[in-house]
Each structure stands twice: as structure tokens, then as C-alpha cells.
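Working notes, beginning with the structure itself.
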Amino acid sequence: MTHALITFLKTPMAAPETPRLRHMRRWWMALCWALALAVLLLPLTKALLGERGALPALLLVLAAPVHGMFYFRAKLRADDHFSGEGQS
């Protein structure tokens with residue numbers, strides 16, 4: 001006989017990652033890393049390209065949260081489906 005807490009801890013709390021979710025997660029992480037790199041290189045790109053040197057960082061500032069929103073909504077839908085309807 002196992003304790004209820006042990007049974008709870010052994011229960012998966014998130015849905016298994018599908019190939020689509022893995023692809024979306026990796027793209028989101030790549031956008032975040034690219035944004036960090038663009039911010040670190042901002043003085044260099046501004047020196048080379050002038051005011052247009054900030055454009056890559058600006059685009060990444062917009063792209064990372066937008067893609068993150070789509071990814072996290074898909075992840076939450078998959079988790080809800082797994083925890084609610086998916087298990088019978």
C-alpha cells in the first residue's frame with residue numbers, strides 16, 4: 001500500500017512533448033538566445049550600421065514574446081487535454 005502523496009508525486013503533471021511542441025520550444029529558445037546576443041552586440045551593430053543597427057534587436061524583441069505566446073498557449077492546451085480529457 002502506497003501513501004497518497006507518493007502516488008501523487010509519481011503522476012506526470014504535464015503532457016508528453018509532441019514533435020510540434022518541441023519544435024516550437026526550440027524556436028522560442030533560439031529567439032531568446034538571439035535576442036540576448038543582439039542586445040550584447042548592440043553597440044557594435046549601431047557603430048557599424050548607425051541607427052539601423054538596432055533593428056535586429058527590435059525585431060527580436062517583438063518576435064520572441066509573440067512566438068512565446070503561441071507556444072505557451074499550445075503547451076497549456078496540450079497539458080489541459082492530457083490532464084482532463086486524455087486520461088480515462
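The values are calculated or read from the model by the stated rules, or taken from the named source; none is laboratory data. Everything quoted here is computed from the prediction, not taken from an experiment. We place every Cβ from the backbone using ideal geometry, glycine too, and count neighbours over all the protein chains shown. Quick note on the areas: whole protein, heavy atoms, side chains included, nothing else; ligands and nucleic acids left out. Shrake-Rupley method; radii C 1.70, N 1.55, O 1.52, S 1.80 Å.
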So, first residue over 11 Å from Pro56 (Cα atoms) in region 24-44, second residue part of a helix (DSSP H, G or I) and open to solvent by 70 Å² or more (accessible area, probe 1.4 Å), Cβ within less than 8 Å, six or more apart or across chains; the pairs are Met24/Phe70
Can you say whether Pro65 is in contact (Cβ under 8 Å) with a residue 60 or more places away in the chain and either on the phi > 0 side of the Ramachandran plot or open to solvent by 70 Å² or more (accessible area, probe 1.4 Å) (or both), as far as the supplied structure shows?
no
Quick check, is Leu76 out of contact with any helix residue (DSSP H, G or I) (no Cβ under 9 Å at 6 or more places or on another chain), more than 29 Å from Arg20 (Cα to Cα) and either open to solvent by 100 Å² or more (accessible area, probe 1.4 Å) or in contact (Cβ under 8 Å) with a residue 24 or more places away in the chain (or both)?
no
